[in-house]
Amino acid sequence: MAEPTTRKTFSSSTPLPSGSPAAVQVGTRFFTSGIVSDRTGGLESESHRVFQLLAELLRNSGVSTADVVRTRICHTSEEGGATEKLLRSVHGVIFNYPGPALTIIQVERLPDGVKISVELEAIAGGAETAEKFEPDFDSSSSLAVLANGELWTSGLRGDPSTDRNTQVIQAVGDAEGLMKRAGIGPGDIVSTRHFMRHDIQFEADPPEWLAFKEPSIPTSAGIAVSGVGVAGHAFTFEMEGVAGASAGRTNLRTGRTFEVDRNYCRAVLIDGGDVVYVAGTTSIIVGEIVQHPGEVGPQVGDTLEIIKNAIIELGFQWSDLVQTRTYVVGGDDEIVEAVTALEQAFPTGQVANTIVGVPVLGRPEVVVEIEARAVRGD
């Protein structure tokens, strides 16, 4: 079992929702909250400022930009391809080529009406041995990054001129190709999340997507968003894999039939590992019963309790929670309500958190979904 390590937190000049620190580091693992601009002025101005803040945060934390393995950008612009071109260009200014995995999604809203929120994940000191696959020069990003036997992919998408199912098949094929090159087997996937346009959600998961997850039964999150690229893009997904994970892992299920039907589990722990990966979790309990239908604050509390139970069942402590990503349905008032509930429910010891507004979640009565990561600490 890995030795416990000390948690460090880092601040930024920008106040963040839920009282979260700008970043949390445990051992070599470094996570930022969703960083937002402290200045208004539109998407272009805010995006330059956010990445300036991120560069300062990394420098002050002693983490190199080359150590970053994933960037995830959430924005509220409806400009589609023009917005993505702008954001990829700004990303390319901050990171040296070849850079981290990159995902860009359009969401319904962000806290306090900002236009952009960006979160990073890094492995401190990992730059020397990291391998980058399919790098893109203009954005200084890569389709996948392999560091210390762990793989992170960008948001993988298919051809926007094709239909939804074809896009899924193409994205899955890209993932399988990247995994093969990186030495990650079908049973080594630990975490997945897919974003889909809210107007074309799946009534049932495509068989290719189910088959991709079946050998590993990883964690999963399926989030409806406003956009995932240019107008034709319908689906994008990210994954994390750990080489050799299939040789010894615990896939924790909570008894929900939905988990079985969709080939995923609530949480994953690799034998001897220091991380618990927790799926996108809602207030739904066994029997597919939604607790506190339509109520944001109570659903935050119920959802974090389910996450807490999973983390503890896998032998970690609630205080090991280091990162959450909270999706909320509703307007500004609902986001404020979620922020307040998160502040009250987070464990002692600060947690990096990103909060975004989305148009819908899996059921009309579900208004909160939370992903989480715990890393063993003191």
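Here, each number is a calculation from the coordinates, and none is a lab measurement. Values in this document were obtained by computation on a predicted structure and should not be read as measured data. Reconstructed Cβ throughout: ideal geometry from the backbone, glycine too, with neighbour counts over all protein chains shown.
Which residues in the stretch 52-80 have a backbone N closer than 17 Å to a point placed 7 Å from the Cα of ASN96 along the Cα-to-Cβ line?
55-56, 58-60, 62-70
Quick one: of the DSSP bridges fully inside the stretch 53-196, what percent are antiparallel, nearest 5? Intermediate values should be presented prior to the final figure.
Values: 16 of 23 bridges.
Roughly 70 percent of the DSSP beta bridges within the stretch 53-196 come out antiparallel.
Positive end of the charge dipole of the stretch 233-347 (Lys, Arg +1 and Asp, Glu -1 on Cβ, about the Cα centre): tell me which of ILE311, GLN299, GLN344 has its Cα farthest that way.
The one lying farthest along the dipole's positive direction is ILE311.
Nothing charged except the Cβ atoms of Lys and Arg (+1) and of Asp and Glu (-1): what's the magnitude of the dipole of the stretch 153-207 about its Cα centre? Round to the nearest 20 debye. Before the final figure, lay out the partial values.
Values: 6 positive and 8 negative charges, 43 e Å.
With only Lys, Arg, Asp and Glu charged at Cβ, the dipole is about 200 debye.
Taking a ≥ b ≥ c as the square roots of the eigenvalues of the Cα gyration tensor of the chain, is the shape rounded (a/c under 1.5), prolate (a/b larger than b/c) or oblate?
rounded
Pop a pseudo-label 7 angstrom from the Cα along the beta-carbon direction at both THR348 and ASN60 and give the gap in nm to one decimal.
About 2.6 nm, to one decimal.
Stretched out fully, how many nm does the piece from GLU128 to ILE289 gain, at 0.36 nm a residue minus the Cα gap?
Values: separation 161, 0.36 × 161 = 57.96 nm, distance 4.83 nm.
Roughly 53.1 nm would be gained on extension.
Can you list the GluC sites (Glu not before Pro) in the stretch 22-120 that are in a DSSP coil and have 11 or fewer other beta carbons within 10 angstrom? If you can, show how the numbers build up before the last one.
Numbers: sites: GLU44, GLU46, GLU56, GLU78, GLU79, GLU84, GLU108, GLU119; in loops: GLU78, GLU79, GLU108.
Taking the stretch 22-120 and a limit of 11 other Cβ atoms within 10 Å, the loop GluC sites (Glu not before Pro) found are GLU78.
Pick from VAL230, VAL145, VAL329: which residue has the top mean-square fluctuation in a GNM of the chain where Cα pairs under 10 Å get a spring?
In the Gaussian network model the winner is VAL230.
Full-extension gain between GLU214 and SER161, please, as 0.36 nm times their residue separation minus the C-alpha to C-alpha distance. Spell out each step's value before the answer.
Working: separation 53, 0.36 × 53 = 19.08 nm, distance 2.82 nm.
Length gained, GLU214 through SER161: 16.3 nm.
Go through TRP209, PRO100, THR83 and say which Cα lies farthest out towards the positive end of the charge dipole of the chain; charges sit on Cβ, +1 for Lys and Arg, -1 for Asp and Glu.
Most positive-ward Cα: PRO100.
Would you pull out the residues with amide H under 5 Å of ARG253's amide H, same chain only if 5 or more places away, H placed 1.01 Å from N?
Excluding prolines and chain starts, which carry no amide H, the hits are ARG266.
Mark the label point 7 Å from the Cα of ASN148 along Cα→Cβ and return the residues of the stretch 94-129 whose backbone N is within less than 13 Å of it.
122-129
Could you tell me which trypsin sites (Lys or Arg not before Pro) in the stretch 222-321 are loop residues by DSSP with no more than 14 other beta carbons within 10 angstrom of their beta carbon?
On the way: sites: ARG249, ARG253, ARG256, ARG262, ARG266, LYS308; in loops: ARG253, ARG256, ARG262, ARG266.
Sites meeting the loop and neighbour criteria: ARG253.
Tell me the GluC sites (Glu not before Pro) within the stretch 283-378 that lie in a loop according to DSSP and have at most 13 other beta-carbon atoms within 10 Å. Could the numbers behind the result be given before it?
Working: sites: GLU288, GLU295, GLU305, GLU313, GLU334, GLU337, GLU343, GLU365, GLU369, GLU371; in loops: GLU288, GLU295, GLU365.
Loop-located and lightly packed - GLU288.
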